[in-house]
Amino acid sequence: MPASWVKRDANVMVCTLFGPVSLSVAADWPLMASYEELDSFARAKGGRIPTEAELRLFMDDQNSRGIVNGYNNAGWGYQRWWPEPSSLGTPERNEAPHNGGVWEWTSTVMDHHEGYKSSVLYPGYSSDFFDGIHHVVLGGSFATIPRLAQRRSLRNFYQRNYPYAWIGARIAYDK
């Protein structure tokens, strides 16, 4: 059971900003869990969590279909105070798929990348996290400011064992 779920009496509940809610309310929400928990699940299903490049390729493909960042615009900026059921989209209505309003884990460890320069105003913000235990997450959650979440260049990061962030994952399968 993910660390973000709790058991009260005989009921499984999902932790939210407002306290635990019944799993019957949250049953169709995306699973939000640590990288380690989701990586274990992906491996049990015969897959893996995609790299940053693979997830970026998927996101760019969604954008190329004419819906800018539509793949993840599931209530950015507290349009709601909780995730929503993810969707495969409705192409005939030009609706993109979305992941329910959560960040997405990648298997890429946070590290320097081409063109990276430490900020003179806040030099430790990224560099301090190049420690081998933070993974890159992409997209944005329902709590992310829209102007940030809509930036293709936005990279965020969390420790791989942190269980309480609003982060889900896709599963990649190798042929």
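The values are calculated or read from the model by the stated rules, or taken from the named source; none is laboratory data. Keep in mind that this is a model prediction, so the values were computed, not measured. Glycine gets a Cβ as well: all are built from the backbone with ideal geometry, and neighbour counts include every protein chain shown. To get the accessible areas, we keep the full protein, side chains included, count just its heavy atoms, and leave off ligands, DNA and RNA. Shrake-Rupley method; radii C 1.70, N 1.55, O 1.52, S 1.80 Å.
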Å³ per residue enclosed by the Cα convex hull of the chain: 146 Å³
Given the whole protein assembly as supplied and a 1.4 Å probe, what does the accessible area of Lys7 come to in Å², nearest 10? 130 Å²
As a test of reading the structure, rank His113, His98 by solvent-accessible area (1.4 Å probe, protein chains only), most first. His113, His98
Rounded to one decimal in nm, the spacing of the 7 Å Cα→Cβ label points at Ile133 and Leu148 is 2.3 nm
For Phe142, what charge total do you get from the other residues with a beta carbon under 9 Å from its beta carbon, if Lys and Arg give +1 and Asp and Glu give -1? 0
Using a 1.4 Å probe on the protein heavy atoms, what percent of the accessible area of the chain belongs to carbon and sulfur? 54 percent
Asp174 neighbourhood, Cβ < 13 Å, K/R = +1, D/E = -1, net charge +3
Accessible-area ranking of Tyr164, Tyr78, Tyr125, Tyr116, largest first, probe 1.4 Å: Tyr164, Tyr125, Tyr78, Tyr116
Two pseudo-spin positions, 7 Å from Cα along C-beta at Val120 and at Gln79, lie apart in nanometres by 3.9 nm
By accessible area with a 1.4 Å probe, ligands and nucleic acids excluded, highest first: order of Ser87, Ser24: Ser24, Ser87
Quickly estimate the mean residue ellipticity at 222 nm for the chain, helices only: each DSSP H run with n ≥ 4 gives -39500 (n - 2.57), and the total goes over all residues, rounded to 500. -5000 deg cm²/dmol
